[in-house]
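Below is one structure, written out as structure tokens; the observations come after it.
Throughout, read-outs are computed from the coordinates displayed, never taken from laboratory work. Treat the numbers as computed from the prediction; the structure is a model and nothing was measured. Using ideal geometry, Cβ is built from the backbone for each residue, glycine included, and neighbour counts are taken over all protein chains shown.
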Amino acid sequence: MGQWRAYADNGRGYALGFNLKALEKAFANPDENSSPLTWTFPIAYSDSTLKDIHSKIIEKALAACPGQGNAKTQYMAGLPFHLALHVLEAATFFKHEAYKNEKEYRFLEIHPPIVKLRTRRYSFVEYRELDWKSVNPETLREIVVGSANWEVAHVFAELCLGQFGFDLNKVNLVRSRIPYRVP
């Protein structure tokens, strides 16, 4: 329900379903013009596991500290940066347990920022486009239509699929099973 509210125009939007293996393969094997630093991974929703990882990072960093003198001073001066780097890297793979229903799968790419903007009510939201259509349009398997306006929305989805050259027999068009009423 929260996803339909936050990301799909209060149940009037769409959710795209992909063939994950094909999309991951296309994304994780960039061409020569893309950044070679890409990762794909499912998100974990375990606060206790993340806390354990963070504790181990800190323990190992402190155990590696030289005993005394100038070496210790230099080590301790750089420690906050190095700890922050490893703690943030570990946190990339986790979200709070309250978001477990999202079943998020991340596509992470280190690249020069190419940021686009979209609108949300009275503000702009930055995003990075993943151009799956040019890489492998066959990855699109399903479009879930928000139940707020099924009659109009599914016709529009069919028109869009046809306009962009998708085979209507290969993309399953379904109505969301969530009984959502627009406020």
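Numerical summary
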| item | result |
| --- | --- |
| Bins of 10 Å from zero: percent of alpha-carbon pairs in the stretch 35-132 | 12, 28, 31, 20, 8, 1 |
| For Gly13, distant residues with modelled amide H under 5 Å away | Gly146 |
| Stretch gain in nm, segment Leu108-Ile178, where the contour uses 0.36 nm per residue and the Cα spacing is subtracted | 22.2 nm |
| Rounded to 10°, Cα long-axis angle of helix 69-91 versus longest principal axis of the chain | 20 |
| Whole-Å semi-axes of the chain's equivalent ellipsoid (Cα gyration tensor) | 42, 21, 15 |
| Residue exposure sequence - Lys116, Lys95 - by fewest surrounding Cβ within 10 Å | Lys116, Lys95 |
| Gain in span if fully extended, Tyr7 to Ala63, counting 0.36 nm per residue against the direct Cα distance | 15.7 nm |
| Which of Glu24, Glu89 has the fewest Cβ neighbours within 10 Å, and the rest in rising order | Glu89, Glu24 |
| Solution diffusion estimate, µm²/s, Stokes-Einstein, the stretch 142-183, Kirkwood Rh from C-alpha pairs, 4 °C, viscosity 1.567 mPa s | 120 |
| Range of Cα positions in the stretch 47-91 per principal axis (Å), largest first | 37, 16, 8 |
| Cα-Cα over 23 Å, subset of Lys25/Lys170; Lys25/Lys100; Lys95/Lys170; Lys100/Lys170; Lys25/Lys60 | Lys25/Lys100; Lys95/Lys170; Lys100/Lys170; Lys25/Lys60 |
| Cα gyration tensor shape of the stretch 77-183, rounded if a/c is under 1.5, else prolate or oblate by comparing a/b with b/c | prolate |
| Cα-centre dipole for the stretch 47-91 with unit charges at Cβ (Lys and Arg positive, Asp and Glu negative), debye to 20 | 180 |
| Packing-based exposure ordering (other Cβ within 10 Å, fewest first) of Ile114, Ile43, Ile143 | Ile114, Ile43, Ile143 |
